[in-house]
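Read the structure below first, then the notes.
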Amino acid sequence: MTTDGSDPLARALGELLAAPPTSLVDRVFSRWIRVPGPIGELYVASTDRGIDCVLPAECAPGGSAEFLAHYRDLRGRPLLPAERPPAGLLPALRKGSARSLRFDLDGLSQFDREVLAVVLRIPSGQTRPYSWVAREVGRPSAVRAVGSALVRNPVPVLVPCHRVTRAGGVLGEYVFGTPMKESLLRAENLDLEEVRSLARARVHFLGSDTTGIVCFPTCHHARRITAPHRRGFRSVEQAADAGYRPCRHCRPGPVDQPA
Amino acid sequence: MEEETDEALLAGLAEDLDAGFHRLVRDHEPLVHSVVLRASGRPEEAEDLAAETFLRAYRALRGYDRARILALRLKPWLLTIALNTWRNAARDASRRPHHVPVATLPERLHEGPGVEELVESGESQRELGALLADLPQAQRTAVVLRHVAGLSMTEVAAVLGCPEGTAKSHVSRGLRRLRLLCADGPPPTALPEPTGRRDRR
């Protein structure tokens, strides 16, 4: 290797050439796979730190080559096919909750990451307004910034930005278009017709006169209220004036800590 | 032999970047890892630096056309990126106080030898590695490129961005100093003592 191989010091130095303790291939290469999703299949890529890219197959008419090109442009990392899906991915897709998955959101700003962390908590089949996300990240006036952060969501479907809607029953924008947003929500058994008819009647919150608790209409607890006990409200303030407190699960308004 | 391998690697990169890059990482990870390990003297950072080096190399390759890829001098090119990566990391580290968030502290997940033991397979290598870390930076880098990575003197000069004469003098001064250090401390066992009768000590 060296010209003066007869020199023992040079030879000993040459022997310092050693492979890293574990191969760097998994540190450098991302893995990709195609898995069944809630509506059609999904392309999913992950680094050694977690899932970092999701694309519905129907948004990549060019097939895997289009997804791989999209990924390389987005992340600037090489890819190899994965032998199996990332741990927990298939159960998470079945349940509609990815809260236990690991994500690699390295390229995102702190604000974007906080927005995605809040959105990750929205349960399957429920929706929240953009203003709710803004309030939950502690920036109640940053409603538009929340919208922009969601457009940049590199892991849609898993981080369910389709569950964030405009107030008044309008679904609003979606990275892959409003029709797909609607299909995803219907696949989660959300009754969009009911949400819309409530919105037309200007009912944005539902309360139960037996518990005195007010919820977003899609909240699991709101859907259990029987018709005779159901009260509709235009705002949380209106509900509060009527003696209702916000639900601690869907948090439609500032929630007092339980005493 | 080596040149042919590099040519084949470059042809593979020009053909299919990701598949070619997989072979490049497998073939050259010992080279890149050893150089950042010896240049930085920090085993705990060497893996991060080597992985970062390969990612930077990949991002650069994405912007190169076929002719530019085929014309690359693979080892000097990779090691130039490696040394830049290390210098940037060292500069960033000096700008802000060093702290390791608890959450990112490495966990010992695997049974068996730890990182250090795996990196340093023998006592002699450990000692020689430690002596190398005592050299002034310019000499250390030149010696590592010349004798650990096995670059030609022309390539060492290209990677260091200095005239060949300067590179030569860094290497020879580095070696001279290493010999002195060897004579001072306990000599690495792999190195025969000047008398060649080390078992009589």
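The values are calculated or read from the model by the stated rules, or taken from the named source; none is laboratory data. Keep in mind it's a predicted model, so treat the numbers as computed, not measured. Cβ coordinates were reconstructed from backbone atoms using ideal geometry, including for glycine residues, and neighbour counts include every protein chain displayed. Note: accessible area is taken over every heavy atom of the protein model, side chains too, but ligands, DNA and RNA are not part of it. Shrake-Rupley method; radii C 1.70, N 1.55, O 1.52, S 1.80 Å.
Results, tabulated for the structure shown:
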| quantity | calculated |
| --- | --- |
| A:165, B:166, ranked by accessible area, largest first (probe 1.4 Å) | B:166, A:165 |
| Estimated 222 nm signal from helices in chain A, with DSSP H stretches of n ≥ 4 weighted -39500 (n - 2.57), rounded to 500 | -8500 deg cm²/dmol |
| Neighbouring partner chain Cβ atoms per residue of B:49-60, average, 10 Å criterion | 4 |
| FRET efficiency for residue B:168 and residue B:71, using Cβ-Cβ distance with R0 set to 22 Å, rounded to 0.05 | 0.25 |
| In nm, spacing of pseudo-spin labels at residue A:186 and residue A:73 (7 Å Cα→C-beta vector) | 3.0 |
| Sequence-separation-based contact order of the stretch B:1-89, relative, with Cα cut under 8 Å and 6+ spacing, percent | 35 |
| Rounded Å value of the spacing that divides the Cα centres of the stretch A:204-219 and the stretch A:128-161 | 23 |
| Sequence of A:70, B:22 when ordered by accessible area, the most exposed leading, probe 1.4 angstrom | A:70, B:22 |
| Exposure of residue A:213 as accessible area (Å², to 10), given a probe of 1.4 Å and all protein chains | 40 |
| Where no second cysteine Cβ lies under 4.7 Å, the cysteines concerned in the protein assembly as shown | A:53, A:59, A:161, B:162, B:182 |
| Candidate residues A:233, A:103: accessible-area rank, largest first, probe 1.4 Å | A:103, A:233 |
| Reach of residue A:181 by Cα under 27 Å, taken over lysines that are not fewer than 8 positions away in the same chain | A:95 |
| Peptide-level mean, for A:22-33, of C-beta atoms on other protein chains within 10 Å | 5 |
| With DNA, RNA and ligands ignored, accessible area of residue A:95 (1.4 Å probe; Å², nearest 10) | 130 |
